[in-house]
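For reference, the structure discussed in these notes is given below.
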Amino acid sequence: MKFIAAAGLTALALGASISTAFAAGEPIKIGVAGPFTGGSSSMGVSMRDGVRLAAEEINKAGGVLGRQIQLVERDDEAKNERGVQIAQELINKERVVATVGYINTGVALASQRFFQDAKIPVINNVATGSVITHQFDDKPENYVFRNAAHDSIQAPMIVEEAIARRGFKKVAILADSTNYGQLGRADLEKALEQKGIKPVAVEKFNIKDVDMTPQLLKAKEAGAEAILTYGIGPELAQIANGMTKLGWKVPMIGSWTLSMANYIDNAGPGGEGARMPQTFIQEPTTPKRQAFIVSYLKTFNPKNSRIDSPVSAAQGYDSIYLLAAAIKQAGSTEGPKIKAALEDLKAPVEGVVTTYNKPFTKTDHEAITANIPVFGEVKGQRVVYAYESDFKKASEVRVKDVNAKGALQASAKK
């Protein structure tokens, strides 16, 4: 009987070791959600390709915890209902340990509640709606993180550029009708109010609108000296094209999406001079950025050697390295342990946008602070540094500063 019992224990131990070895050899599944088709695809594809580049590098270096990263990519088409379907599929069918992505604020807000409930971390690497990381402020734990510059950072930057730096007194706001556009519009109005300025016109447009004449005429008749924008590339191009048709040209200053290829290409000469906050501009200003740019161009061969959405690509790339660092530190792929590691990363993570040194805490899930973005400008069909002073200092990596001035106070009730 003793012999049989011992043999049984040995068999159990052997089975457990085989099971552990099998689990150790299984790939680590990470969801990648974004719009890879449609009007937001400049951002989505660039983000996805940045993610792919990082995952390939990590896998070539041996993976994480001795396991390879397996990306589970899904096209959400910038549709809220599609995002919800994908979230449930990634959680219940694919059994991902975490997800990165989300380009559109509305899709993020509709989808990430499922990851929250499943205790699976999400790193928003492009969507910028201020409320995104505050959606679950009323919960004891928050599984939503971000490494993009949220709108409460961008809106004051846009207003500072228009009012303080360039001296415009009369500005109009043109924003699309999505959650992204309308939340951003609210942030712009709040930032203008802090400067004692009321916009002379506030106009809305819809996705796929091709004629902005009514909105532009109202702005022109109100005496607008500049247009402040919150929307995505194709419609922003229609604003520039509309001004050209009217023979009325005033500066466009808007959110980071003015850097999208489908704004630059569709607006053509009329799009030149547009300015926008950027966390990354496609210039080899540090060895890390140079290596990233060279690798990206070699791997994906984008048109005119220009990344369609450099910000999306860089932030996508960085999000995977942040996640890999957390999994390694946690020594686990369990959601709560990854979340806890993200909130207390011990070692700095060298990224393309910045070096992430304690990027998150339990109460702060934003990796980017107001001191990090700079202004880009569309010039010669690509985005360059708007200010020579920023370009000269670009080799000095801007790092997170929780005391940085300039951001609006984000609110979960917004």
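Of all the numbered requirements in (1) under 19 Å from residue 289 (Cα atoms); (2) surrounded by fewer than 15 Cβ atoms within 10 Å (Cβ to Cβ); (3) touching a residue at least 40 places away in the same chain (Cβ under 8 Å), residue 409 misses one, and that requirement is (1).
For region 306-324, give me the residue count where each residue is more than 22 Å from residue 384 (Cβ to Cβ) and among the aliphatic types (A, V, I, L, M). Give the derivation first.
Within region 306-324, the subset more than 22 Å from residue 384 (Cβ to Cβ) is 319-324.
Adding the requirement that they be among the aliphatic types (A, V, I, L, M) leaves 320, 322-324.
Of the residues in region 306-324, 4 are more than 22 Å from residue 384 (Cβ to Cβ) and among the aliphatic types (A, V, I, L, M).
Selection within region 295-334: residues that are open to solvent by 50 Å² or more (accessible area, probe 1.4 Å) and of a type in the set (Gly, Ala, Ser). The member of this set that is farthest from residue 68 (Cα to Cα) is 305. Look at (1) under 25 Å from residue 105 (Cα atoms); (2) open to solvent by 50 Å² or more (accessible area, probe 1.4 Å) and you find that residue 217 fails only one, number (1). Would you mind stating whether residue 240 is modelled with pLDDT of 95 or more, of a type in the set (Gly, Ala, Ser), open to solvent by 30 Å² or more (accessible area, probe 1.4 Å) and more than 26 Å from residue 354 (Cα to Cα)? Against the criterion (modelled with pLDDT of 95 or more, of a type in the set (Gly, Ala, Ser), open to solvent by 30 Å² or more (accessible area, probe 1.4 Å) and more than 26 Å from residue 354 (Cα to Cα)), residue 240 does not qualify.
The residue that is farthest from residue 256 (Cα to Cα), among those in region 167-185 that are surrounded by 22 or more Cβ atoms within 10 Å (Cβ to Cβ) and among the small types (Gly, Ala, Ser), is 172. One residue stands out among those in region 92-121 that are within 12 Å of the chain's Cα centre (by Cα) and of a type in the set (A, V, I, L, M): the one that is farthest from residue 54 (Cα to Cα), which is 108.
Table: residues versus (1) surrounded by fewer than 24 Cβ atoms within 10 Å (Cβ to Cβ); (2) over 27 Å from residue 26 (Cβ atoms); (3) not small (Gly, Ala, Ser).
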| position | (1), (2), (3) |
| --- | --- |
| 78 | no, yes, no |
| 90 | no, no, yes |
| 97 | yes, no, yes |
| 101 | no, no, no |
| 106 | yes, yes, no |
| 111 | no, no, no |
| 122 | no, no, yes |
| 126 | no, yes, yes |
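For (1) crowded, with 24+ Cβ neighbours inside 10 Å; (2) at positive phi; (3) touching an Asp or Glu at 6+ places or on another chain (Cβ under 7 Å); (4) modelled with pLDDT under 95, each residue gets a yes or a no:
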{"residue": "14", "(1), (2), (3), (4)": "no, no, no, yes"}
{"residue": "18", "(1), (2), (3), (4)": "no, no, no, yes"}
{"residue": "23", "(1), (2), (3), (4)": "no, no, no, yes"}
{"residue": "32", "(1), (2), (3), (4)": "yes, no, yes, no"}
{"residue": "36", "(1), (2), (3), (4)": "no, no, yes, no"}
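For region 335-371: of the residues being without any contact (Cβ under 8 Å) to a residue 12 or more places away in the chain and of a type outside the set (Val, Ile, Thr), which is least open to solvent (accessible area, probe 1.4 Å)? So, considering only residues that are without any contact (Cβ under 8 Å) to a residue 12 or more places away in the chain and of a type outside the set (Val, Ile, Thr), the one least open to solvent (accessible area, probe 1.4 Å) is 340. Selection of region 60-78 for residues being without any contact (Cβ under 8 Å) to a residue 40 or more places away in the chain and over 15 Å from residue 325 (Cβ atoms) yields only 60. Filtering 370, 394, 404, 412 for residues that are among the small types (Gly, Ala, Ser), at pLDDT below 95, assigned to a loop (DSSP other than H, G, I, E, B) and closer than 26 Å to residue 166 by Cβ leaves a single hit, 404.
Each residue in region 119-156 was checked for being hydroxyl-bearing (Ser, Thr, Tyr), more than 18 Å from residue 96 (Cα to Cα) and either in a loop (DSSP other than H, G, I, E, B) or out of contact with any Ser or Thr (no Cβ under 7 Å at 6 or more places or on another chain) (or both), and 3 pass. Of everything listed in (1) under 18 Å from residue 240 (Cα atoms); (2) modelled with pLDDT of 95 or more, the single unmet condition for residue 189 is (1).
Confirm whether residue 141 is touching a residue at least 24 places away in the same chain (Cβ under 8 Å), open to solvent by less than 10 Å² (accessible area, probe 1.4 Å) and among the acidic types (Asp, Glu). Considered against the rule, which asks whether it is touching a residue at least 24 places away in the same chain (Cβ under 8 Å), open to solvent by less than 10 Å² (accessible area, probe 1.4 Å) and among the acidic types (Asp, Glu), residue 141 comes out as no. Taken as a whole, the condition of being surrounded by fewer than 17 Cβ atoms within 10 Å (Cβ to Cβ) and either in a helix (DSSP H, G or I) or under 21 Å from the mean Cα position of the chain (by Cα) (or both) does not apply to residue 277.
The values are calculated or read from the model by the stated rules, or taken from the named source; none is laboratory data. Here the structure is a predicted model, which means the values were calculated and not measured. Positions of Cβ are backbone-derived with ideal geometry, glycine not excepted, and every protein chain shown enters the neighbour counts. Calculation scope for accessible area: heavy atoms of the full protein, side chains included, ligands and nucleic acids excluded. Shrake-Rupley method; radii C 1.70, N 1.55, O 1.52, S 1.80 Å.
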